[in-house]
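Structure first, commentary second.
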Amino acid sequence: MFDKILIANRGEIAVRIIRTCNRLGINTVAVYSDADSRSLHRHLADEAVHIGESPSQKSYLDIDKIIKAAQATGARAIHPGYGFLSEKADFARAVQEAGLVLIGPPVEAIDLMGDKITSKELAKNAGVPVIPGTIEAIRDEEEAIAIADEIGYPVLLKPAAGGGGKGMRIVRRAGDMKEALAASRKETLKAFNDTRVFVERYIEQPRHIEIQVLADSQGHVVHLGERECSIQRRYQKVIEESPSPAVSADLRERMGRAACDLARQAKYVNAGTVEFVMDAQHNFYFLEMNTRLQVEHPVTEMVTGLDLVELQLRIAAGEPLPFDQSGVAFNGWAIEARICAEDPTRGFIPSTGMITRYASPRGKGIRVDSGVNIGGKIDVYYDSMLGKLICHGKTREDARRMLIEALNGYHIEGVFTNIDFVTSVLCLPEFAEGALSTGFIDQHFDGGISKRSPSLQYLQLAALAATLIYHTRTVAVRESLLHMVSDIGGKRDLGRMHQYKVRCQDDLFEVALEGTPISGETCTIRVDGTTHRVEIPTFEFFRRRLKLNINGQPYRFRIRFEESFVFMSFNGISRLFEVYTPQEWEMMKFMPEKADASLNNILLCPMPGLVVDVLAQKGERVFRGQNLVILESMKMESGVASPVDGVIAEVLVNKGQAVESDQTLITFEVEEKVA
């Protein structure tokens, strides 16, 4: 076994690898850029080497700097994690030539499986089902149309290199082929320096199922079951689980056998993932093979009880697998939610800033893989993922409910996150039923907003919690002194009812508290006439999280105070609750309406980033929704659309300029709405 390894990655994956190495007594070397000078992974490692400036091209993607850091510190092997250099054959080759060990597959396997065309040919030779389409890259539009006519529309244009959905385009008719092909080639050239594209049939509403494989250098190959990764947006996974609710024992055996056959055909060694797309009839087709550890590997670890990083290390050190296929056992169900710094309500744009509060959930069956903590800075240079929350239960429903409660208690301030979004996905009845597909988010959400109104039951429970907090902060403190009254001959009315009206957007609730809520006791609270028995916790007035036992069931709420109101996050609901006494509610009738701030004729920058392109100029007439500026942040390009119909008065930014949130990009002439 290695005595010291270098981890050529950052964030949560570096922290996760360090955790296993600490348990095995292996020393670790972290690498870090300027932006990561205060990062968690740097401080947890035994040693840390600075490798350059913040942009990844000048640090984490610089092969020479990584190799030199390993040699200078005496590391015998390099773990690439995922992302960055993990699937780069050039990096694997450089590690080998430097006399070091890559904790990953051979160079030849990375080369084979990293190309979608050669990997598809290999899959066919191994007898693995593949999606109908081309094996060779297409030459031009005419050839693409001819192939589409043969296999049937819709078709998918797919880059031969790379992954993550970059360059993919769905084409539903011949007339759209020219534009789609040009866009696909432009995007894949920028992302992968490669313009090869092939055509395959597009499977409508598919499920994304992947098989985890392990292979040692002695030729033994096993699979560790499947993961369902169908909950995606822009081809990026959001929620993953193991096992899949759609896979039977027989189907698991067939998919696992196909994945192992492919690994043998590729002479694969170490951990890898074979990805399949599955149609409504449970036919599965080879998609690609990821020659690295996956982001979602914890769900496999939780149902098998295995440590995949430890197995990677042992295989790379030349040890054989300690079990065969019959030795793999599955226990229960695990579901993972990726926690990202992004704003779902604004099209999932990345969010940057400093984490000012951080409190992660804990408990049996709960695992958090995170690379951040209080004081951590989230920059534009890297992926937006902050960490992963994984829950394990006896059944899928146990794991789902546990994950919802854990997310309700996951508190991060300083940046926007997708916590409420992923919670709302988990709360949908269709998710609970296992009715999943890769189009699930588009089907049930408009951007990051659910197309379905929140559950009335959840809103009522949130209104109950908001009222209890409001009452405790304002009334209960005064009433806590009433015992003094009894000492001097007064009388305390324990049966008094406290009436409130609670407004949440267009919803209005009648809430009544019986008596004075006392810490450690149970009180009666009625919401719209429904009685609830609530155990009162010990309140702290500036607490950001609250756990209540309501009718014997535990519920967690995340809280933020805004003036005299309570901003409540619970089960995917994230709303402001306004609590009024009956007298205050009557006074509301005479309050003036707030001014509409949406009439400002300016275009504000939605996030920090770099201006990639400016698509309009002074004096040009533009329309609401038309993209005027293209920004790049956290490796993603996003268009910034005009908020109005009008004429551009001034363009205040240039291509290549760095910009900040809420910076004015463009101003418009004040005029009547263009017809």
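The values are calculated or read from the model by the stated rules, or taken from the named source; none is laboratory data. Just so you know, these numbers come straight off a predicted model, no measurement behind them. All Cβ positions, glycine included, derive from the backbone under ideal geometry; neighbour counts span all protein chains shown.
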Which ones in region 241-283 are assigned to a loop (DSSP other than H, G, I, E, B) and over 20 Å from Ser86 (Cα atoms)?
Pro243, Ser244, Pro245, Ala246, Val247, Ser248, Asp279, Ala280, Gln281, His282, Asn283
Only residues that are in contact with a Phe, Trp or Tyr (Cβ under 9 Å, 6 or more places away or on another chain) and within 19 Å of Tyr82 (Cα to Cα): list them for region 284-293, please.
Leu287, Met289, Asn290, Thr291, Arg292, Leu293
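Please find, among Val653, Val640, Val611, Val629, the residue that is assigned to a loop (DSSP other than H, G, I, E, B), touching a strand residue (DSSP E or B) at 6+ places or on another chain (Cβ under 7 Å), surrounded by 17 or more Cβ atoms within 10 Å (Cβ to Cβ) and not small (Gly, Ala, Ser).
The match here is Val653.
Quick one: would you say Ile419 is of a type in the set (A, V, I, L, M, F, W, C), under 15 Å from Arg545 (Cβ atoms), out of contact with any Pro (no Cβ under 6 Å at 6 or more places or on another chain) and surrounded by fewer than 22 Cβ atoms within 10 Å (Cβ to Cβ)?
So Ile419 does not fit the description; no.
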Starting from region 607-619, take each residue that is closer than 17 Å to Val380 by Cα and list its partners that are among the acidic types (Asp, Glu) and surrounded by fewer than 14 Cβ atoms within 10 Å (Cβ to Cβ), counting only C-beta distances under 6 angstrom and pairs at least six apart or across chains.
Pro608/Glu660
In region 329-424, which strands (runs of 3 or more DSSP E) lie fully inside it and hold 1 or more residues that are over 22 Å from Asp662 (Cβ atoms), acidic (Asp, Glu) and at pLDDT 95 or above?
333-340, 366-370
Looking at region 135-160, which of its residues are farther than 13 Å from Leu181 by Cβ and in contact with a strand residue (DSSP E or B) (Cβ under 9 Å, 6 or more places away or on another chain)?
Ile135, Glu136, Ile151, Gly152, Tyr153, Pro154, Ala160
Boolean, Leu321 is assigned to a loop (DSSP other than H, G, I, E, B), at pLDDT 95 or above and surrounded by 17 or more Cβ atoms within 10 Å (Cβ to Cβ):
yes
Scan of region 91-112 for residues that are surrounded by 21 or more Cβ atoms within 10 Å (Cβ to Cβ), at pLDDT 95 or above and not in a loop (DSSP other than H, G, I, E, B), ordered by number:
Phe91, Ala92, Val95, Leu102, Ala109, Ile110
Step by step: first the residues of region 203-229, then only those that are among the acidic types (Asp, Glu) and not in a strand (DSSP E or B), then the one that is surrounded by the fewest Cβ atoms within 10 Å (Cβ to Cβ). Which residue is that?
Glu204
Quick check: is even one residue across region 236-251 modelled with pLDDT under 95 and farther than 20 Å from Trp333 by Cβ?
yes
Taking Ser360, is it out of contact with any helix residue (DSSP H, G or I) (no Cβ under 6 Å at 6 or more places or on another chain) and not aromatic (Phe, Trp, Tyr)?
yes
Pick out the one residue from Lys124, Lys88 that is surrounded by fewer than 21 Cβ atoms within 10 Å (Cβ to Cβ), under 30 Å from Ile26 (Cβ atoms) and among the basic types (Lys, Arg).
Lys88
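Here's the yes/no breakdown for (1) touching a Leu at 6+ places or on another chain (Cβ under 6 Å); (2) at positive phi; (3) surrounded by fewer than 14 Cβ atoms within 10 Å (Cβ to Cβ):
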| position | (1), (2), (3) |
| --- | --- |
| His498 | yes, no, no |
| Arg503 | no, no, no |
| Asp506 | no, no, yes |
| Phe509 | no, no, no |
| Ile518 | no, no, yes |
| Glu521 | no, no, yes |
| Thr524 | no, no, no |
| Val527 | yes, no, no |
| Ile536 | no, no, no |
Listed by range, strands (runs of 3 or more DSSP E) wholly within region 504-583 having at least 1 residues that are modelled with pLDDT of 85 or more and closer than 16 Å to His411 by Cα are 545-550, 553-562, 565-570, 573-580
When residues of region 67-85 are limited to those that are part of a helix (DSSP H, G or I) and among the β-branched types (Val, Ile, Thr), the one surrounded by the most Cβ atoms within 10 Å (Cβ to Cβ):
Ile67
Of (1) out of contact with any strand residue (DSSP E or B) (no Cβ under 9 Å at 6 or more places or on another chain); (2) without any contact (Cβ under 8 Å) to a residue 12 or more places away in the chain, Glu430 fails just (2)
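For region 30-63, what are the residues that are among the polar types (S, T, N, Q) and farther than 23 Å from Ala191 by Cβ?
Ser37, Ser39
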Scan region 341-359 and report the pairs whose first residue is outside the structural domain of Phe557 (by TED's automatic domain parsing) and whose second residue is part of a helix (DSSP H, G or I) and modelled with pLDDT of 90 or more, with Cβ atoms within less than 7 Å and a gap of 6+ or a chain change.
Pro344/Phe421
